[in-house]
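Rule-based calculations on the coordinates, nothing more; no lab input. Being a predicted model, the structure only gives us computed values, none of them experimental. Cβ sites come from the backbone with ideal geometry, for glycine too, and all protein chains shown count toward neighbours.
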Amino acid sequence: MSLWLLLTSQANLSWLSQDNITESRGDDLPATLTRLSQFGLVELFRHQNSKLLDKPLVTRTELMHRLEEIAELVTAIHATLFTRTSISNDELIVFYGIMRRRSVEFDLAILGVLTEEERSRVAKLVSLAMPVAIEKIKQDNEKLGPFGFENDR
């Protein structure tokens with residue numbers, strides 16, 4: 001199924017309106033699913049998605065300190081990628097791997113502070129975003145290969 005079809009097809013979203021967590025305009029849901037599939041649980045900081053939570057993530061001090069530590073490391077690696085004049089493919093793979101691992105830590109840190117009810121609501125949104133993410137990964141891998149390098153096929 002194409003990415004566009006996944007984003008525009010009608011999903012059973014009755015749970016969204018029942019919990020009063022829909023965005024102000026229903027047509028924002030495809031954009032939310034795309035961002036969630038690309039950026040992960042950081043999307044829960046966005047106003048329209050924070051409605052899934054009982055209290056905003058930014059008020060959870062321990063979480064914010066952990067996210068700051070993760071972000072500092074990713075920022076340093078990202079800066080290295082742009083400041084070094086030559087980076088081998090092996091080094092790129094290592095850097096991308098570290099950043100990916102930190103991205104997972106970021107999501108797990110967010111997931112770890114959610115209550116059971118919040119996790120349930122977030123899980124429903126994530127389950128809608130997963131097919132979008134899988135389709136995007138397939139498209140990117142065909143075009144760029146698994147590590148973002150030009151594919152020689």
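Things worth noting here:
- Two-site FRET efficiency, K138 against Q48, from Cβ-Cβ distance with R₀ of 25 Å, rounded to 0.05: 0.35
- Relative packing of 56-66, 109-119, which averages over residues the other C-beta atoms within 10 Å, highest first: 109-119, 56-66
- Phi angles of the stretch 126-134 translate, via the Karplus equation with coefficients 6.51, -1.76, 1.60 and θ = phi - 60°, into HN-Hα couplings of 4, 5, 6, 7, 4, x, 5, 4, 4 Hz per residue; Gly and Pro are given as x.
- Global geometry of the stretch 62-153, whether rounded, prolate or oblate, following the gyration tensor of its Cα atoms and the 1.5 cut on a/c: oblate
- Relative contact order of the stretch 47-153, pairs being alpha-carbon contacts under 8 Å that are 6 or more residues apart, as %: 27
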